[in-house]
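Read the structure below first, then the notes.
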Amino acid sequence: MRMLQIVPRIYKGETIYSIAARIVLNDVSTSFSQSMINKFGNKDIQLNSIFPSYLRQLSSLTSCEIDCFIDNHSLFQYYSSFSPDRVKKQARDFLIVGDSGAAFKVLGLLSNRIMNEGTHKFCPVCASEQELAFGEAYWLLEHQLPLSMVCLKHECMLVSKPKARKQLVFPEIGSSVTDCTSPLLLKIAEINHFVLNDYSFDRAKLGQTYAVRLINKGLATTKSVRHIQWRNEMKAYFAPLMHDERVRKLLNSSVEQGFPANIFYNDDSSHHPIKHVLIISFLFEHFGDFIVAYGKGESIKVRAVKQPKPQVNIDEERHKETLTLLKSGMPLRDIICKANVSAATVRNLARVHGIALKEHIRKVSSIMHRSILIQLVVGKPTEVIARDFNLSVGDIEQVLVGQTAIKMLRQRIRFYTRRKTARQAIISALYTLVRPSISRVRKVIDKEYMWLYKHDREWLNDLKKTYFNNK
């Protein structure tokens, strides 16, 4: 039984709907409508909308800022990850003032005409753990991602519960648990998980990444894309998902220039994240494979022209090889490298076939992990930390995985350090040159000047105005 809470709780990774529903539930009133009026001043607010319009009221009822709700408790990061920075900022501004419809429209979600899910999803194991730890179950943000049907933590199928406009809905305790036996569903859930974690992709570079991988798979040339062949292979690959109306409409479209070909047609057009998730799932082995291809670039392979093997067959061969390596007793990390599969795939196959998974002894102990985090927080370079702890730079960067706040802090430290150096260089040049002028300063330290012009223009203009006026 849920207990009344004087101060509303907010759990890590909880959805905005879950927080708002609990606040309304705690209001002891004669009806649901009256509780909505008491808390939000309006009984007709849609609590379960993707982009809520009541963030300002919710912020006043809790100790959480609006930006915190947007970044940590909404799907804004997911739906805006493939949009330009100016569009993301515009959509965020609309959300802050409560215009959720405008935010939905500016991100291109309205024009894509892809229906939203009419259900909340939860993991039965997560719900039981929440009930045991906190005395109540709540909705997790990661489980609500489109096309996500699996809980990555417990590798079991999610349970759906219909949304209700005039009724508060919460996860059910004691629901039956069904293990996930589909590597494809795990792969999509894993890609969705990473897309949610505040990634931002440049459209032109993204299109180039897709194009090169299509060429290397034999689905395109340097001049054109084999649209029909590409779509047919995607339909075969995503056969387990064709029961989903959104996937079925996208891949069964009779329009010649439809999905997936239309992803290349207009750099200014906005595409629903589902389209990118489907393409990434089909073209790349896992999210890490995609990020490497996107970040470092991928060269076009020179090979004899032949019919490419369908991705479904490639995945089946990798899974057979993974199973053979598991039976041989090879450690997890070695299997990932040798079979070129994700950790989730290896763990899933090991669980299904009842094979005990052997893992390497961790190089970084819990005590060392904490010490390294402290060094990272103060902005110490990873090369120096690696040398101090007698580890590789890769080991140090592994500690940073999932530490979004620390990454942002280190970026700020690097920015302010760079700004301080550039400012000092400009000031030194102005006061050491015999006849200082902007053109002479740029000849001496053009790199620092251009950096300040791009990132600290207001300070640079003030310095020039003050210095030359005094002269």
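For the reader, a short list of remarks on this structure follows.
Results for (1) more than 22 Å from the chain's Cα centre (by Cα); (2) open to solvent by less than 40 Å² (accessible area, probe 1.4 Å); (3) within 20 Å of VAL87 (Cβ to Cβ); (4) at pLDDT below 90, shown as yes or no for each residue.
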position	(1), (2), (3), (4)
LEU186	no, yes, no, no
VAL195	no, yes, yes, no
SER200	no, no, yes, yes
ALA204	no, no, yes, yes
ILE215	yes, yes, no, no
LYS223	yes, no, no, yes
SER254	yes, no, no, yes
ASP267	no, no, yes, yes
HIS272	no, yes, yes, yes
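- Residue pairs meeting the criteria (Cβ under 7 Å; at least 6 apart or on separate chains; first open to solvent by 50 Å² or more (accessible area, probe 1.4 Å), in segment 226-238; second of a type outside the set (Ser, Thr, Tyr) and part of a helix (DSSP H, G or I)): HIS227/ALA261; LYS235/LEU251; ALA236/VAL312
- Screening the candidates GLN46, GLN34 for the property of being part of a loop (DSSP other than H, G, I, E, B) and either within 16 Å of the chain's Cα centre (by Cα) or not acidic (Asp, Glu) (or both) yields one hit, GLN46.
- Residues of segment 67-102 classified as within 15 Å of ARG56 (Cα to Cα) and in a helix (DSSP H, G or I), total: 12
- Residues that are surrounded by fewer than 20 Cβ atoms within 10 Å (Cβ to Cβ) and either touching a Pro at 6+ places or on another chain (Cβ under 8 Å) or not in a strand (DSSP E or B) (or both), drawn from segment 150-168: LEU152, LYS153, HIS154, CYS156, LYS161, LYS163, ALA164, ARG165, LYS166, GLN167, LEU168
- Residues within segment 45-65 that are open to solvent by less than 60 Å² (accessible area, probe 1.4 Å) and within 26 Å of ASN112 (Cβ to Cβ), tallied: 10
- The set of residues from segment 111-137 being farther than 19 Å from SER176 by Cβ, under 21 Å from the mean Cα position of the chain (by Cα) and not β-branched (Val, Ile, Thr) comprises ASN112, MET115, ASN116, GLU117.
- The single condition among (1) of a type outside the set (Gly, Ala, Ser); (2) open to solvent by less than 60 Å² (accessible area, probe 1.4 Å); (3) in a loop (DSSP other than H, G, I, E, B) that GLU190 does not meet is (3).
- Matching entry among ASN216, ASN252 (being within 17 Å of ALA293 (Cα to Cα) and out of contact with any Gly (no Cβ under 7 Å at 6 or more places or on another chain)): ASN216
- Pairs with Cβ under 6 Å, 6+ apart, first in segment 334-345 and without any contact (Cβ under 8 Å) to a residue 40 or more places away in the chain, second of a type in the set (D, E, K, R): ALA339/ARG318; ALA339/GLU321
- Residues in segment 127-149 that are part of a helix (DSSP H, G or I), farther than 30 Å from GLN34 by Cα and in contact with a helix residue (DSSP H, G or I) (Cβ under 7 Å, 6 or more places away or on another chain): GLU142 only.
- Residue in segment 66-80 that is over 24 Å from HIS193 (Cα atoms), surrounded by fewer than 21 Cβ atoms within 10 Å (Cβ to Cβ) and not aromatic (Phe, Trp, Tyr) present: no
- Contacts under 8 angstrom Cβ, first residue in segment 195-217 being more than 16 Å from SER270 (Cα to Cα), partner among the acidic types (Asp, Glu), 6 or more apart: LEU196/GLU142; ASP198/ASP71; THR209/GLU298; VAL212/GLU298; ARG213/GLU298; ASN216/GLU298
- Selection count, segment 103-119, where residues are among the aliphatic types (A, V, I, L, M), open to solvent by less than 50 Å² (accessible area, probe 1.4 Å) and part of a helix (DSSP H, G or I): 3
- Flag: ALA356 does not match the condition of being open to solvent by less than 30 Å² (accessible area, probe 1.4 Å) and closer than 30 Å to SER281 by Cα.
- Test: LYS88 is open to solvent by 60 Å² or more (accessible area, probe 1.4 Å) and out of contact with any His (no Cβ under 7 Å at 6 or more places or on another chain): no
- Residue check, SER100 at pLDDT below 90 and more than 26 Å from ILE188 (Cβ to Cβ): yes
- Taken together, ASN42, ASN26 contain a single residue that is over 20 Å from THR119 (Cβ atoms), without any contact (Cβ under 8 Å) to a residue 24 or more places away in the chain and open to solvent by 60 Å² or more (accessible area, probe 1.4 Å), which is ASN42.
The values are calculated or read from the model by the stated rules, or taken from the named source; none is laboratory data. Bear in mind the structure is a predicted one, so any value in this text is a computation, not a measurement. Note: ideal-geometry Cβ built from the backbone for every residue, glycine included; neighbour counts use all protein chains shown. Side chains included, ligands, DNA and RNA excluded: accessible areas come from the protein's heavy atoms. Shrake-Rupley method; radii C 1.70, N 1.55, O 1.52, S 1.80 Å.
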